[in-house]
Amino acid sequence: MKISTYLLLIILVMQLSTLINSTVFNGGGNGILLAVHTISFVAAIGFYAQVRRENG
């Protein structure tokens with residue numbers, strides 16, 4: 001798969017987890033969810049940078 005597909009999947013997971021947290025759990029896990037979003041964002045940026053470096 002292309003790098004853009006992976007990045008879009010990460011965004012989709014982040015949006016779905018926010019939707020589930022706000023509807024099912026009434027926003028009870030906002031702190032944990034923020035940490036997970038931050039970690040996944042940093043991982044996505046690192047993954048993108050690595051692929052970009054390899055492809056020149």
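The values are calculated or read from the model by the stated rules, or taken from the named source; none is laboratory data. Quantities reported herein were computed from a predicted structural model and do not represent experimental measurements. All Cβ positions, glycine included, derive from the backbone under ideal geometry; neighbour counts span all protein chains shown.
Contact map, segment 29-51: first residue polar (S, T, N, Q), second residue surrounded by 11 or more Cβ atoms within 10 Å (Cβ to Cβ) and in a helix (DSSP H, G or I), Cβ cut-off under 8 Å, separation 6 or more or different chains; pairs are ASN30/ASN21; SER40/ILE10; SER40/VAL13; SER40/MET14. How many residues are modelled with pLDDT under 90 and exposed (fewer than 10 other Cβ atoms within 10 Å of the Cβ) when one looks only at segment 1-25? Within segment 1-25, residues that are modelled with pLDDT under 90 and exposed (fewer than 10 other Cβ atoms within 10 Å of the Cβ) number 4.
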